[in-house]
Amino acid sequence: MAEVLVVVESGVKKVTLEMLTLARGLGEVSAVVFGEADHDKLGEYGASKIYVASGDDVDGYLVAPKASVLASLVREKSPAAVLLASTQEGKEIAGRLAVKLDNGLLTDAVDVAADGTATQVVFAGSGIVKSKVTRGLPIVTIRPNSTTPSAQAAAPAVEQLTVTVADSDKLTKVVERVTEQKGSRPELTEAGIVVSGGRGVGNADNFKLVEELADLLGGAVGASRAAVDSGYYPHQFQVGQTGKTVSPQLYVALGISGAIQHRAGMQTSKTIVAVNKDAEAPIFELADYGVVGDLFKVVPQAADEIRKRK
C-alpha cells in the first residue's frame, strides 16, 4: 500500500488529526514534520511513519525550503497523495510543491475519497463540487473543521530527513519570532463553542458582552467581517470566507446579519443560535434557534440564567 504524506506545519493541531483521519482511507499514513511535534499523538491517530525535517535550513527561512524538502521526499517515495492544511502556510507550501513537481493542486477540500477525488465547498458555501487532479498525484489542502478526528493507534517509525536546499530557497530569512500571548479561551478554529459578534454589537466596548457570554459557556470569541472592519475586534478573530472557518457544536451569533461571506465560515456548525433585532436578517434562515430582540437585553438575561445553573 502506497504512503500518504500528511504535512505537519508546527505542532499537532486539530486539523492535523483531521488530515490523519482522512489519510487512512487513502493508504498507509506517514507524517512529515517540520520542527517539533508530538510523535505519540501522531501515532495515536494512525501515522505509521514520521519523517522529521529540522535544522537551520528549514527553521531559519520561510516556506520555500519546506516545499523543496517535500518535493524531494515525493520524488523518492512516490506517495499516493499529499495532504496539507488549508492555512496560509499550508497553501503556500502546496502551491510551491505543485510547481516543483509540475503537478495539479486542489485547495480547501472538505473530504478526499479513496480514488483521490476531493469534495470542495465553493462560492462561499453555496455549492459543492467533486474535483480530481488530472496531472500527477493528488496534492490537496484540507479545510479545518471538515471532519471529526478519530483515533487509530499505530507505532510510528521515525526517520530523520537529510535537508539539502538550494540558495534560491534562502532568499527570505526569518530574523525574529514572536509568540502570541494566549488567553484562557480555546483557540477559535478548534473550539466546541463559539460566540460571535457583528455590527449590531455597536462598538468595541460592547464586545465585552460577547466575551462574557463566551467565558460563561467556556467558548471562543469570534467576529463578523463588518465588526472587524469597524474596529470592534481584532482581525485574527474574524469568522467567514476571508477569515477563519469554524465548526463548533454550538455557534452563537449576536448582532450578525448573516451575509454569505460570514455564513461561509460557520454554516457547518452543529447548532446555530442567532440574536438579532431584524426579523428579516438572513442569519435566521440558517439558525436552529433564533431570538428576535435587542441583544443588549437578551444576552444579559441569558448570562444570568447560565450563572444560576453553574
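The values are calculated or read from the model by the stated rules, or taken from the named source; none is laboratory data. Everything numeric here is computed off the predicted structure, so don't read it as measured data. Glycine gets a Cβ as well: all are built from the backbone with ideal geometry, and neighbour counts include every protein chain shown.
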query: If you check Tyr45, Tyr61, which single one turns out to be touching a helix residue (DSSP H, G or I) at 6+ places or on another chain (Cβ under 7 Å), in contact (Cβ under 8 Å) with a residue 40 or more places away in the chain, buried (at least 23 other Cβ atoms within 10 Å of the Cβ) and aromatic (Phe, Trp, Tyr)?
result: Tyr45
query: On the given criteria, is Gly127 in the same structural domain as Gly25 (by TED's automatic domain parsing), small (Gly, Ala, Ser) and modelled with pLDDT of 95 or more?
result: no
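Tell me which residues, restricted to the stretch 91-106, are in contact with a strand residue (DSSP E or B) (Cβ under 9 Å, 6 or more places away or on another chain) and either among the basic types (Lys, Arg) or modelled with pLDDT under 95 (or both).
Looking only at the stretch 91-106, we keep the residues that are in contact with a strand residue (DSSP E or B) (Cβ under 9 Å, 6 or more places away or on another chain), and these are 91, 93-95, 97-98, 101, 103-106.
The one that is in contact with a strand residue (DSSP E or B) (Cβ under 9 Å, 6 or more places away or on another chain) and either among the basic types (Lys, Arg) or modelled with pLDDT under 95 (or both): Lys91.
Might you check whether a residue that is free of Cβ contacts under 8 Å to residues at least 24 places away in the same chain and under 28 Å from Glu176 (Cα atoms) occurs anywhere in the stretch 9-27?
For the stretch 9-27, residues free of Cβ contacts under 8 Å to residues at least 24 places away in the same chain and under 28 Å from Glu176 (Cα atoms): absent.
Yes/no matrix, rows are residues, columns are (1) on the phi > 0 side of the Ramachandran plot; (2) not small (Gly, Ala, Ser):
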residue: Arg75; (1), (2): no, yes
residue: Ala85; (1), (2): no, no
residue: Glu89; (1), (2): no, yes
residue: Gly95; (1), (2): no, no
residue: Ala98; (1), (2): no, no
residue: Asp102; (1), (2): yes, yes
residue: Gly116; (1), (2): yes, no
task: Have a look at Leu137, Leu83 and point out the one that is in the same structural domain as Leu17 (by TED's automatic domain parsing), touching a strand residue (DSSP E or B) at 6+ places or on another chain (Cβ under 7 Å), modelled with pLDDT of 95 or more and surrounded by 20 or more Cβ atoms within 10 Å (Cβ to Cβ).
output: Leu83
- line: Pairs returned, first residue in the stretch 264-277 that is modelled with pLDDT of 95 or more, second residue that is in a strand (DSSP E or B) and among the aromatic types (Phe, Trp, Tyr), beta-carbon separation under 6 angstrom, 6 or more apart or interchain, are Ile272/Tyr251; Val273/Tyr289
task: Report yes if Ala118 is crowded, with 19+ Cβ neighbours inside 10 Å, outside the structural domain of Gly192 (by TED's automatic domain parsing), under 16 Å from the mean Cα position of the chain (by Cα) and under 21 Å from Ser30 (Cβ atoms), otherwise no.
output: no
